[in-house]
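Take a look at the structure below.
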């Protein structure tokens with residue numbers, strides 16, 4: 001007799017044998033017991049969770065003459081023929097390869113014929129989301145007016161791709177991912193039945209690598225036993241599953257938490273030699289840090305933790321959250337990079353450096369931020385109390401309200417930017433503004449949150465700050481000025497200088513520029529108008545000028561002579 005794969009040999013034959021789907025199996029059994037059988041069902045959920053197996057069990061149960069409590073006997077000719085796939089009244093269709101209108105129309109034509117061997121005709125359509133739009137429409141006709149004693153069972157791994165018109169005409173059952181503990185228990189029963197010695201860690205590795213799918217777990221177990229049919233070892237489980245041993249994960253995490261990048265990189269080299277999959281390792285690393293957090297909050301949720309794992313958990317939650325955030329960002333970057341190994345090595349170094357930032361240093365950073373914010377508040381309060389209206393501070397070399405030297409900004413520089421300003425450049429700056437802020441330190445970000453880009457040219461960007469003292473702080477921050485040019489170069493393709501100005505100082509400069517702009521425009525228009533031009537031409541020029549001014553300055557433009565409520 002030829003060898004039969006484990007996932008086929010140990011496929012569930014009754015509802016009670018289904019692992020991890022107790023709610024679904026109980027509901028289906030009750031419907032069969034009470035005779036309240038619907039004309040159409042939809043089984044959805046991750047792959048390998050028992051959807052097709054449940055459909056076949058259901059087909060056997062509704063046709064089995066010896067059915068007891070909703071379970072098929074699996075001994076009669078009908079049950080055995082359905083199990084073997086030779087029963088004429090149960091048709092299994094793969095929608096991935098039979099997704100056209102013609103195939104569904106053929107079903108619709110044959111569905112009116114009565115069952116020949118059993119009581120019900122059962123159509124099982126696997127991966128139903130693969131049907132074309134025309135095929136769905138043809139199926140919909142049958143579901144709207146179903147013949148008696150015909151049952152449709154639709155199965156899908158992508159429920160969101162099934163049209164709402166289909167969903168509204170079926171009874172839906174959601175299959176969930178199977179818990180690793182349930183998978184491990186089932187694997188142990190199979191190994192014990194076949195009298196195969198095994199390692200508990202090996203079983204757990206296979207169970208967790210299956211990601212909630214029993215079929216994948218059985219296939220992986222099959223591969224491991226093909227390496228050694230007489231013993232399931234950790235080494236073989238690691239080879240076939242692509243998982244990383246707990247020992248190596250413990251060592252790697254211990255190294256980066258101890259700020260020892262060299263040991264962490266050496267551990268990576270060992271993993272490379274074993275053929276590690278980088279994406280899989282990042283997933284396992286993320287799960288490892290998640291488990292450390294769980295252990296800190298509810299230790300009973302982590303089964304049989306190693307001694308090194310327990311030691312690794314003796315860190316602050318802040319360090320674990322920071323590491324998790326970095327791993328997530330690395331996983332996102334990995335999708336768009338061909339240098340997976342390089343990214344993983346950089347992540348290792350980053351995690352090692354970050355691990356040195358323990359709670360005391362974090363408190364120092366927090367204290368520095370709080371002190372800076374408090375100083376800003378005091379200076380703003382002092383400035384408001386003085387009620388100074390002069391526009392000179394922005395142009396002077398050193399702010400009178402601050403002891404920090406301020407980079408010189410001349411009025412001519414601001415006017416130059418305004419003269420060369422382009423609306424599209426300002427749109428581009430505003431489009432990437434939030435992304436730019438993400439590149440800054442918390443203090444820099446807090447400072448620029450009080451500003452708004454108001455004009456942009458290739459040479460510079462004018463930021464209107466709510467208070468002049470904040471603008472001075474920005475211009476005194478050399479790192480911020482440099483960061484602005486460098487980051488903007490990557491985000492928008494040009495490197496403008498940051499020009500910061502307080503709102504009260506910005507308004508007169510802006511108004512002066514507008515007045516000069518209008519005067520220049522009017523002079524140009526008058527020169528272009530010849531004596532023989534009609535008043536209509538003059539009005540057209542005037543309207544064109546107003547439109548251009550509004551495009552540049554928006555609602556701030558007011559036209560003398562227009563209605564007060566006009567825009």
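Every number here is computed from the coordinates shown, using simple stated rules; none is lab data. Keep in mind that what you see is a predicted model, and the values were worked out from it rather than measured. Please note: Cβ atoms are built from the backbone with ideal geometry, for glycine as well, and neighbour counts cover all protein chains shown.
Observations
- As a ratio to 2.2 N^0.38 Å, the alpha-carbon radius of gyration computed for the range 250-297 takes the value 1.20.
- Relative frequency of Cα-Cα separations exceeding 14 Å in the range 43-111, percent: 65 percent
- Sequence ranges 293-304, 479-490, ranked by mean other-Cβ count within 10 angstrom, highest first: 479-490, 293-304
- Centre separation in Å (Cα based) which lies between the range 75-150 and the range 278-356: 48 Å
- Highest mean first, the peptides 41-51, 165-175, 189-199 sorted by other C-beta atoms within 10 Å per residue fall in the order 41-51, 165-175, 189-199.
- Each peptide among 275-281, 247-253 gets the average number of other Cβ atoms lying within 10 Å of its residues, and from highest to lowest they stand as 247-253, 275-281.
- Label-to-label distance, residue 174 versus residue 307, with points set 7 angstrom from Cα along the beta-carbon direction: 4.4 nm.
- The distance linking the range 428-471 with the range 226-246 is 55 Å (Cα centroid to Cα centroid, whole angstrom).
- Per residue, the convex hull volume that the Cα atoms of the range 393-506 enclose (Å³): 85 Å³
- For the range 6-174, alpha-carbon Rg relative to the globular expectation (2.2 N^0.38 Å, N residues): 0.97
- Quick note on the range 246-354: its Rg to Rh ratio, both from C-alpha atoms and Rh being the Kirkwood radius, is 0.95.
- For the range 180-241, the spread of Cα coordinates along the three principal axes comes to 26, 23, 18 Å, biggest extent given first.
- Fully extended contour minus Cα-Cα distance, from residue 294 to residue 3, at 0.36 nm per residue: 100.5 nm
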